[in-house]
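Supplied in structure tokens, the structure appears directly below.
Any read-out appearing in this document is the output of simple, stated calculations on the displayed coordinates, not a laboratory observation. Computed from a predicted model, the values in this text were never measured in an experiment. Note that each Cβ is placed from the backbone with ideal geometry, even for glycine, and that neighbours are counted across all protein chains shown.
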Amino acid sequence: MTRLALEEVTFWYPATRAPALREVSLEVAAGEIVALVGKVGAGASTLLLVAADLAPRVTGGRLAGAVRRRARSGIVLPTPWTQLSGMAFTVWDEVAFGPANLGWPGHEIARYVDHALERLEIASLAARDPVTLSGGELQRVIVAGLLAMDPDVVLLDEPTAELDPAGARSVWRLLRLLAGEGKAIVVATSELDAVPDVADRVVWLEDGAVRAIGTPQLLAEDAAGDGGVGTTVAGIWRAAGLAPPYPLTVADAVRRWP
Amino acid sequence: MRALHPFTLLAVATALPALAWILPAPGGGLATAGIAFGLLGSPGLRRGLWPALVAAAPFWVFLLLLHDVRTTVAIGLRISTMVASFVWLAAVLAPDRLVEATVARGWSITAAYLFAATLSAVPMLKARARRIVEAQRCRGLSPRGSVANRLRALRALALPLVLSALHEVDERTLALESRGLVSGARRTSLAPPPDRVAERVVRWGLLLLCLAALVWRLA
């Protein structure tokens, strides 16, 4: 079942002539993880803002095309410290900020908040003041705040940017679990090596337009390597002059090693 | 004092400046300024005493330049009461408790947030200013020394502080929208602060006191 559909979407930020998105079409189904990849400025963050109904409603600007949302969405922006509510002195209250704004009953809020804290492995931080947390801890708190609102469409912009490798792996595992529960997930990431194990589909954006859509195998193609969106292993394989198709991951490479 | 209901704290911080302006000078202003600075000087809050005095001092200087001593004292005490009351309020009023209290009363969450965010912005801006100063020091800028040096350092601090704050406003708006802080939202109060009968009596008493003082002055 399609949860989110963009049809020929073009978007201009206020006071700009060049569109940040150009005729982007994309459908995301329940239980699917779609990874947005591309160079900085390719339009991935803007696509997420459009999908979250924040652009142009909050950002201003102009949108052409159609966006169909069949479910409630939630978004995590790239910088965690700007997403603090400023009204909570404990992590628990910070995570509860969103559900409370939705007007849920207290016991429901408590259930979702506790569950989200456990899922992000930050239950031990519940009583801490959010402003005393490290960047990685804060990133998890913000993701927990999103999950506590129980959105059907989860939109994430560089969700592992502040995390150490173990924390990043934990977030990627969580995304697979959420997809298994039927949530539609769109994640913009520059951590290309994680994409093959996480994403069902990859959308490669370039200058605001979709350059290619396909399986994660896309990241092992010559064009992706030339465009700077190939995985590290594929790049090494290619640089070594070994024959295509290039492996996507270390495990792939080990299997194919001649 | 921090355990008092946020509305009680607001009532005190509003009543003191109101009385300072209503009651005859200089006695009224002296009494209210005394109470306001007395509150600010109570244990645990003394850190706010010095900033309040520093903030009030320029008003006294300008008043003295513009008026005679009698007027300066009259207006200066009133302004000092306002400054001390606000600093005291910022020190004792937890923004999250205020939001909980207003939400429990069915007030608009956006209005409550506007007030609470203003109070919570102060420590955030202080922390950011500290980080910017440290970063500028690493690049060789010294905020000490001559007046010219200090002015140069101030410019190097103010510009990134203002620009980063403006940038943050954009992102924070998006984040708050996505977290359900929208106009007309009916927020659930997570932990409404207890509102004791005695505090309600005090609030009504302060209101009646202000009204009585006003009637007395106008009569």
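From the phi angles alone, apply the Karplus equation (6.51, -1.76, 1.60; θ = phi - 60°) to region B:150-155 and give each ³J(HN,Hα) in whole Hz, x where the residue is Gly or Pro.
Result, ordered by residue: 5, 5, 4, 5, 5, 5 Hz.
Under the rule of at least 5 residues apart or a separate chain, name every residue whose amide H is placed under 5 Å from the amide H of A:VAL76.
So A:VAL76 has HN proximity to A:LEU155, A:LEU156, A:ASP157.
Which of the GluC sites (Glu not before Pro) found in region A:151-229 are in a DSSP loop and have at most 16 neighbouring Cβ atoms, other than their own, within 10 Å? List each step's numbers first, then the result.
Details: sites: A:GLU162, A:GLU181, A:GLU191, A:GLU206, A:GLU221; in loops: A:GLU162, A:GLU181, A:GLU191, A:GLU221.
Counting only loop positions with at most 16 other Cβ atoms within 10 Å, the GluC sites (Glu not before Pro) in region A:151-229 are A:GLU181.
Mind listing the phi-derived Karplus ³J(HN,Hα) values for region B:106-117, rounded to whole Hz, using 6.51, -1.76 and 1.60 with θ = phi - 60°, and x for any glycine or proline?
Result, rounded to whole Hz: x, 6, 5, 5, 5, 5, 5, 5, 4, 5, 5, 5.
Something else now. Can you give the local net charge around A:SER190? Use residues other than it whose beta-carbon is closer than 12 angstrom to its beta-carbon, Lys and Arg +1, Asp and Glu -1.
Working: positive: A:LYS39; negative: A:ASP157, A:GLU158, A:GLU191, A:ASP193.
Around A:SER190, the surrounding residues sum to -3.
How would you rank B:126-139, B:90-103, highest first, on the average number of other Cβ atoms within 10 Å across their residues?
Values: B:126-139: 12.5, B:90-103: 22.0.
The peptides rank, most packed first, as B:90-103, B:126-139.
Follow-up. Sequence gap at least 6, Cα distance under 8 Å: using those rules, report the relative contact order of region A:150-258 to the nearest whole percent.
Relative CO of region A:150-258 lands at 19 percent.
Express the relative contact order of chain A as a whole percentage, based on alpha carbon pairs under 8 Å and six or more residues apart in sequence. Write out the running numbers ahead of the final one.
On the way: 504 pairs, mean separation 64.3, N = 258.
For chain A, the relative contact order is 25 percent.
What average number of partner chain Cβ atoms lie no more than 10 Å from the Cβ of the residues making up B:168-176?
Details: counts 3, 1, 3, 6, 8, 4, 10, 13, 9.
That works out to 6 on average.
Net charge around A:PHE89, counting only other residues with Cβ within less than 15 Å of its Cβ (Lys, Arg = +1; Asp, Glu = -1)?
On the way: positive: A:ARG128, B:ARG2, B:ARG97; negative: A:ASP93, A:GLU94, A:ASP129, B:ASP96, B:GLU100.
With Lys, Arg at +1 and Asp, Glu at -1, the net is -2.
Note down the net charge around B:LEU98, summing +1 for each Lys or Arg and -1 for each Asp or Glu among other residues with Cβ under 15 Å from its Cβ. Can you show the working numbers first?
Values: positive: B:ARG2, B:ARG97, B:ARG105, B:ARG187, B:ARG203; negative: A:ASP93, B:ASP96, B:GLU100, B:ASP195, B:GLU199.
Taking every other residue near B:LEU98 into account, the sum is 0.
Could you pull out every residue, at least 5 positions away or on a different chain, whose amide H is within less than 5 Å of the one on A:LEU21? Hs are placed 1.01 Å off N in the peptide plane, and Pro or chain starts have none.
Distant-sequence amide H within range of A:LEU21: A:PHE11.
Based solely on its DSSP helices, what 222 nm [θ] is calculated for chain B when runs of n ≥ 4 H residues each add -39,500 (n - 2.57) and the sum is averaged over all residues, nearest 500 deg cm²/dmol? Show your work: numbers first, answer last.
Values: 8 runs with 167 residues, N = 219.
It lands at -26500 deg cm²/dmol.
Given axes a ≥ b ≥ c from the Cα gyration tensor, I'd like to know whether region A:152-216 is rounded (a/c under 1.5), prolate (a/b larger than b/c) or oblate.
oblate
So what's the projected area for the protein assembly as shown, the Cα convex hull averaged over all directions, in nm²?
On the way: hull surface 119.6 nm².
One quarter of the hull surface, i.e. the mean projection, equals 29.9 nm².
If you wrap a convex hull around the alpha carbons of chain B, what volume per residue comes out, as a whole number of Å³?
Details: hull volume 38.3 nm³, N = 219.
It comes to 175 Å³ per residue, whole-number rounded.
What is the helix-to-structure angle for A:165-180, meaning the angle in degrees between its Cα long axis and the longest Cα principal axis of chain A, kept from 0 to 90 and rounded to the nearest 10?
80 degrees
Oh, and also: Roughly what % antiparallel, to the nearest 5, for the DSSP beta bridges in the protein assembly as shown?
Details: 18 of 35 bridges.
The answer is about 50 percent antiparallel.
Counting only DSSP beta bridges with both residues in chain A, what percent are antiparallel, rounded to the nearest 5?
Details: 18 of 35 bridges.
Beta bridges within chain A, antiparallel portion: roughly 50 percent.
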